[in-house]
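S.K.: Input: one structure, supplied below.
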Amino acid sequence: MEQFITEFNQNLFFIYLIIFTIILGFEVISKVPTILHTPLMSGANAISGVVLIGAILLIRTAESDEYLRLTLGFLGIILGTINIVGGFKVTDRMLDMFKKKAK
């Protein structure tokens, strides 16, 4: 527990930065018009790919006793993969709306 508190105090700036980016991202995305949603979704999928690669690199460079880095890397892989798959599903559904229906 003491190691966790030490890591937390050393990385407090980054924790605040993550919280700020979550709030900022929510505010920006909620103001996007519907017509721009599909291109932004494709861009978000590309960013999630970068997050996934970063999480894999984080796990590869972590030592076996660095539980915080291993946990964050694992969460990054899981959440990045969910975001990529969900983003492609949503993009596919939105593009299907623009296809002409067979009669």
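The values are calculated or read from the model by the stated rules, or taken from the named source; none is laboratory data. Source: prediction; values computed, not measured. Using ideal geometry, Cβ is built from the backbone for each residue, glycine included, and neighbour counts are taken over all protein chains shown. Just so you know, the surface numbers come from the protein's heavy atoms only, side chains and all, with ligands and any DNA or RNA stripped out. Shrake-Rupley method; radii C 1.70, N 1.55, O 1.52, S 1.80 Å.
S.K.: Could you tell me how many of the residues in the range 1-38 are within 25 Å of LYS89 (Cβ to Cβ), assigned to a helix (DSSP H, G or I) and either touching a residue at least 60 places away in the same chain (Cβ under 8 Å) or open to solvent by less than 80 Å² (accessible area, probe 1.4 Å) (or both)?
M.R.: Pass one, the range 1-38, residues within 25 Å of LYS89 (Cβ to Cβ): 21-22, 25-38.
Next, only the ones that are assigned to a helix (DSSP H, G or I) stay: 21-22, 25-30, 34-38.
Now drop any that are not either touching a residue at least 60 places away in the same chain (Cβ under 8 Å) or open to solvent by less than 80 Å² (accessible area, probe 1.4 Å) (or both), which leaves 21, 25, 30, 37-38.
The number of residues fulfilling the criteria is 5.
S.K.: Follow-up question, since we're still on this one. Between residues in the range 47-58 that are under 11 Å from ILE77 (Cβ atoms) and residues that are charged (D, E, K, R), which pairs lie under 9 Å by C-beta distance while being six or more apart or on different chains?
M.R.: LEU58/ARG69
S.K.: Return a yes/no flag: does the range 62-80 have any residue that is β-branched (Val, Ile, Thr) and open to solvent by 80 Å² or more (accessible area, probe 1.4 Å).
M.R.: Within the range 62-80, not a single residue is β-branched (Val, Ile, Thr) and open to solvent by 80 Å² or more (accessible area, probe 1.4 Å).
S.K.: Now a separate question. Condition first: under 20 Å from GLN10 (Cα atoms) and part of a helix (DSSP H, G or I). Now tell me which residues in the range 60-94 satisfy that.
M.R.: Hits for the range 60-94 are THR61, TYR67, LEU68, ARG69, LEU70, THR71, LEU72, GLY73.
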